[in-house]
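The values are calculated or read from the model by the stated rules, or taken from the named source; none is laboratory data. Here the structure is a predicted model, which is why all the values come from computation and not from measurement. Counting neighbours? That spans all protein chains shown, and the Cβs are built from the backbone with ideal geometry, glycine included. What goes into the accessible areas is simple: the full protein's heavy atoms, side chains included, and nothing from ligands, DNA or RNA. Shrake-Rupley method; radii C 1.70, N 1.55, O 1.52, S 1.80 Å.
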Protein chains: 2
Amino acid sequence: MKTTRKTTAKTAVLEIFVKSKTALSHTEIYKQIEEICDRVTVYRILDRLVNDDIVHKIVDLDGTVKYAKCHHHAQRVHIHNHAHFSCEKCLEITCLENVKPSYIIPHNYKVNDINFTLSGLCPNCSNSNI
Amino acid sequence: MKTTRKTTAKTAVLEIFVKSKTALSHTEIYKQIEEICDRVTVYRILDRLVNDDIVHKIVDLDGTVKYAKCHHHAQRVHIHNHAHFSCEKCLEITCLENVKPSYIIPHNYKVNDINFTLSGLCPNCSNSNI
DNA sequence: AATCAATCGCAACTTTGTTGCAATAATATT
DNA sequence: AATATTATTGCAACAAAGTTGCGATTGATT
């Protein structure tokens with residue numbers, strides 16, 4: 001029965017996601033809207049967005065938590081089984097929507113969710129690298 | 001030129017890893033040896049072990065950081081490209097040494113390391129589940 | 001045994017995330 | 001349009017996880 005509301009802060013967060021090509025951390029988001037709302041509010045907005053399947057949470061190899069807006073492809077059930085790329089140089093995380101791992105696991109494991117993160121150098125940084 | 005030393009604390013940590021079948025967090029390790037050494041020392045030992053490729057670091061879907069001893073298979077260069085399974089019920093993380101994802105990524109990305117974590121129910125917990 | 005650098009303990013600090021509660025504001029109801 | 005309902009917010013306080021500096025200790029080397 002819980003209805004979710006459209007608030008100033010939530011709209012601001014969503015705008016940031018739309019503008020950004022890469023995944024963002026709580027801190028990165030908060031820095032952009034610290035005049036609009038509190039630090040805690042940003043945490044709570046992110047929680048809600050993840051729950052409502054509007055944003056997904058990504059944890060990279062270092063344990064850094066970031067968020068990115070979901071691109072729904074007219075699917076009903078939405079599983080984030082695509083890969084993420086974490087650049088060691090510019091530290092940006094991007095979604096590789098089309099990269100999906102194939103794998104075989106023992107049948108007695110029941111898989112509900114997967115996290116597939118690659119790290120290395122992104123196209124930008126591997127070019128500018130000498 | 002840096003030489004790495006064999007100390008009481010380091011030996012104790014390694015013993016814990018050998019005994020354990022699952023990956024362990026800093027806290028879990030520290031609890032077992034808090035009479036031997038300081039909390040900070042455990043952090044520093046773990047850092048060193050990861051650097052020396054004796055232990056590898058695993059981050060699960062929630063961002064929980066754990067460590068497990070590496071099983072080297074006579075490889076020179078050691079990439080942790082196997083999967084990890086994180087159980088949602090008992091919260092244990094186990095290495096699935098034989099599960100390796102296959103994937104195709106755009107050629108302009110340079111991959112140095114990968115993190116492939118599956119989460120759901122482990123064999124133990126999916127059995128005892130009603 | 002003397003030396004030297006790696007390691008340690010301690011204290012202090014930072015970063016990240018959480019919780020309770022009263023005040024505020026978005027939506028539904030009249 | 002005014003009112004009632006309840007999701008959301010701000011604030012303050014807290015907790016967990018990890019880091020840093022520095023003097024003291026200890027493992028390895030000669």
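Using beta carbons and a limit of 6 Å, which pairs, at least six apart or on different chains, have the first residue in the range B:113-126 and at the interface with chain A (Cβ under 7 Å from one of its Cβ atoms) and the second one hydroxyl-bearing (S, T, Y) and surrounded by 15 or more Cβ atoms within 10 Å (Cβ to Cβ)?
That search, which allows pairs on different chains as well, returns B:D113/A:S119; B:N115/A:T117; B:T117/B:S86; B:S119/B:S86.
Quick check, is B:S20 within 15 Å of the chain's Cα centre (by Cα), within 10 Å of DNA strand D (Cβ to nearest atom) and surrounded by 16 or more Cβ atoms within 10 Å (Cβ to Cβ)?
Judged against the criteria, B:S20 is not a match.
Is one or more of the residues making up the range B:26-38 within 9 Å of DNA strand C (Cβ to nearest atom) and within 26 Å of B:H84 (Cβ to Cβ)?
There is no residue in the range B:26-38 that is within 9 Å of DNA strand C (Cβ to nearest atom) and within 26 Å of B:H84 (Cβ to Cβ).
Taking the range B:39-50 as the region of interest, how many residues are within 14 Å of another protein chain (Cβ to nearest Cβ) and either more than 9 Å from DNA strand D (Cβ to nearest atom) or open to solvent by less than 60 Å² (accessible area, probe 1.4 Å) (or both)?
Looking only at that region, the number is 2.
Any residue at all in the range B:68-91 that is touching a Lys or Arg at 6+ places or on another chain (Cβ under 7 Å), in contact (Cβ under 8 Å) with a residue 40 or more places away in the chain, open to solvent by less than 80 Å² (accessible area, probe 1.4 Å) and not in a helix (DSSP H, G or I)?
Scanning the range B:68-91, I find no residue that is touching a Lys or Arg at 6+ places or on another chain (Cβ under 7 Å), in contact (Cβ under 8 Å) with a residue 40 or more places away in the chain, open to solvent by less than 80 Å² (accessible area, probe 1.4 Å) and not in a helix (DSSP H, G or I), so the answer is no.
Anything in the range B:84-106 that is more than 9 Å from chain A (Cβ to nearest Cβ) and more than 16 Å from B:S25 (Cα to Cα)? List them, or say none.
B:K89, B:E97
Quick check, is A:L61 assigned to a loop (DSSP other than H, G, I, E, B), touching a residue at least 12 places away in the same chain (Cβ under 8 Å) and within 14 Å of chain B (Cβ to nearest Cβ)?
yes
Taking the range A:1-15 as the region of interest, how many residues are surrounded by fewer than 16 Cβ atoms within 10 Å (Cβ to Cβ) and not in a loop (DSSP other than H, G, I, E, B)?
4
B:I36 - would you say it is among the β-branched types (V, I, T), touching a Ser or Thr at 6+ places or on another chain (Cβ under 9 Å), open to solvent by 50 Å² or more (accessible area, probe 1.4 Å) and at pLDDT 95 or above?
Against the criterion (among the β-branched types (V, I, T), touching a Ser or Thr at 6+ places or on another chain (Cβ under 9 Å), open to solvent by 50 Å² or more (accessible area, probe 1.4 Å) and at pLDDT 95 or above), B:I36 qualifies.
Which residue, of A:V55, A:V59, is under 28 Å from B:K89 (Cα atoms), under 12 Å from the mean Cα position of the chain (by Cα) and within 11 Å of DNA strand C (Cβ to nearest atom)?
One residue alone meets the criteria, A:V59.
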